[in-house]
Amino acid sequence: MGFILSILYFVTYYLTPTTLFGPLAAAHIEIILAVLISFASLVSLPKSFIFRTPQSMALIGLGLAVVLSVLIGEHWAGGAVQAVLGFIPNAFGYFLVCLHCNSRKRLQILVVILLPICLFVIAHGFIDLVRGFPNDLLSDPDFTGSPYLLAMRADGGNWLFRIRGLGEIHDPNDFGQLLVCVIPLTFIFWRAKQMLRNFVCVILPVSILLFGVYLTHSRGALLALLAVAVVTGRRRIGTVPSLAIAAGLFVALMALNFTGGRAISADAGSDRTALWGESLQLLKSHPLFGVGFADLPDYLGHTAHNSVAVCAAELGLFGLYFWCLYLFPTVNDALAVASPARLSDGKPPVPEEGLYPGETRKVEQLDKDEINRLGSLVLLALTGFLVAGWFLSRSFVMTLFILGGMVEVIFEMALQREMIAPRMRLVRVAPYSGILAAALILLMYVLLRTVNLMH
C-alpha cells in the first residue's frame, strides 16, 4: 500500500492535484496522501536502512535551516511554519523512495511513472505548438502562451515557443532538467540482444524525450545533456574523445537552433552572473541563516538561476552546509555503485521475513554487472540534474531527493549482497560536507571574478 500511495504522490507532484483530481484538488488531496503514506510507512520503518544514511540527518538539518531562515531572518514565526510546510513535501520524496522503492522492480515502476509524465507534457505542448495561436492573441502584450507552452520574444523579436509542464515544472528550463534526468533512467529497461523490446521500451521513448528537450529550447538542459554524453562516453572511449564528440554535438545542435536562437556565451549569460554576484552579496550580509526560504526574489526581483547561490543566499552557511551534507554522500555513493572497481562479486542476500509468521520475501537475483549498470544510470541522471542545476534555482525540488533515494536503494542492494564497503559514516561525511560547501562558494567567486575580467 505504501508503494502505491508513494507512486500516486509523485504523479500528483509533477502533474499537480488540479490536473489529476479536478475540483477535488480543493480538498488538499496531496496533504491527505502524505498523511496516508506516513501511516502506511510505519510498518516499513523498523527494517529500513533509511536511518543509517547521512542524508536523513541532512534533511532534518535542512528543515531546521528553513525554519531558522524565516524565524531569524524575517522574525516571522507564521512564515517559518509556512516555509517548512513548503519544504517537507519535496524532501519527503527521499524517504518514500528509500522506504518503498527498495528493489529493482520497484525502481523500474518509478521510472515507468516518470516517463509517461514527461511524455504527457510533451504531447500537450506539441499539440499546442501545432495548433498555433490566433493573431489577436499574439498581438496582446500580456500574452504568455498556454499552460504547456511558454510564449516569449526571441533576441530577434520573433516569437519563441517553449514547452513546459505544470506546477513545479512550469518553467521550460525546469522541465528540460527533468527530461535530461529521465533519459538515462529509461535505459533501465534495456536488455541485451532484445532488439524489439529495446526499440519499443528505450529507443523510441528516449527519442521523444530528446525531442522534448529540444522543444524546451533550454540552454541549461543542452549543457546538461552534453555533460551526460561525456560521462557516458569517457568509460568506453576515454575522456578526450568524449569531450571532442560533445564539442561536435554542441556545434551541430546550435546549428539546428536547439536554443531557439539564444546564444550561449559569457555576454549572453551576464544577467545570470549578475544575479549570482548579488546573491553572494546577500550571503555576506546574512551569513548564518540567509534572507529566508523562497524569499530571494523579494531582494533581487528575480531568482538567482543557480542552485548553490539560491541555497546559500536563502538559508545562509548553516543551510548550505546541510544541503552539502545531503549532496556529498549522494554523489559519493553514486560514484561507488557506478564503479566496477569498487564492486565485488559478493553473494546472494539472506531472504527477509514477511509480515506474517513463516513468510519470507523473494530476493531479487542481481549480480555485480546489474548493480553497476543501475548505479551508472542513476549517476548519469544525477549528473544531468546537477549540471542543469548550476543554471537553475532547483536547490530543494523533489527530483533531487528522488534521485538521492534511488542512489541509496541501489547502494543498499550492493551492501546486502556484500559487493561494496559500508557507507561512509556521518562523522566522516560531516567534515567533507563542510569542505564541499566552502569549495562551492569559492568556485562561484572565482567564476564571477573571471567573468568580470572578460568584460
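The values are calculated or read from the model by the stated rules, or taken from the named source; none is laboratory data. Predicted model, so just to flag it, every value in this text is computed and none were measured. Reconstructed Cβ throughout: ideal geometry from the backbone, glycine too, with neighbour counts over all protein chains shown.
A residue that is polar (S, T, N, Q), exposed (fewer than 12 other Cβ atoms within 10 Å of the Cβ) and without any contact (Cβ under 8 Å) to a residue 60 or more places away in the chain occurs nowhere in the range 188-196. Can you give me the number of residues within the range 148-186 that are within 17 Å of I402 (Cβ to Cβ), acidic (D, E) and surrounded by fewer than 21 Cβ atoms within 10 Å (Cβ to Cβ)? Residues meeting the conditions: 1. The residues on offer are G86, G78, G73, and the sole one that is at pLDDT below 90, closer than 26 Å to L288 by Cβ and crowded, with 19+ Cβ neighbours inside 10 Å is G73. Checked across the range 160-168, the condition of being in contact with a Pro (Cβ under 9 Å, 6 or more places away or on another chain), touching a residue at least 60 places away in the same chain (Cβ under 8 Å) and on the phi > 0 side of the Ramachandran plot holds for at least one residue. Against the conditions (1) β-branched (V, I, T); (2) at pLDDT below 90; (3) under 25 Å from the mean Cα position of the chain (by Cα), V350 satisfies every one except (3).
Only a single criterion out of (1) at pLDDT below 90; (2) assigned to a helix (DSSP H, G or I); (3) out of contact with any Ser or Thr (no Cβ under 8 Å at 6 or more places or on another chain) is not satisfied by L62, namely (1).
Screening the range 107-128 for residues that are surrounded by fewer than 17 Cβ atoms within 10 Å (Cβ to Cβ) and over 19 Å from the mean Cα position of the chain (by Cα) and picking the one that is farthest from M413 (Cα to Cα) gives I127. Under the condition of being aliphatic (A, V, I, L, M) and surrounded by fewer than 23 Cβ atoms within 10 Å (Cβ to Cβ), which residue from the range 309-335 is farthest from Q281 (Cα to Cα)? Once the filter is applied, the top-ranked residue is L335. Of V202, V240, V251, which residue is closer than 26 Å to L110 by Cβ and of a type outside the set (D, E, K, R)? On inspection, the qualifying residue turns out to be V202.
Filtered by the rule that a residue be at pLDDT below 90 and among the small types (G, A, S), the range 298-343 gives G301, A304.
Is it the case, given these coordinates, that H75 is farther than 20 Å from G167 by Cα and touching a helix residue (DSSP H, G or I) at 6+ places or on another chain (Cβ under 7 Å)? For H75, the condition - farther than 20 Å from G167 by Cα and touching a helix residue (DSSP H, G or I) at 6+ places or on another chain (Cβ under 7 Å) - is not met.
Checked against the criterion of being loosely packed, with under 14 Cβ neighbours inside 10 Å and over 17 Å from the mean Cα position of the chain (by Cα), the candidates V202, V240 yield just one match: V240. The residues on offer are A388, A430, and the sole one that is farther than 21 Å from L226 by Cα, of a type outside the set (K, R) and out of contact with any Ser or Thr (no Cβ under 6 Å at 6 or more places or on another chain) is A430.
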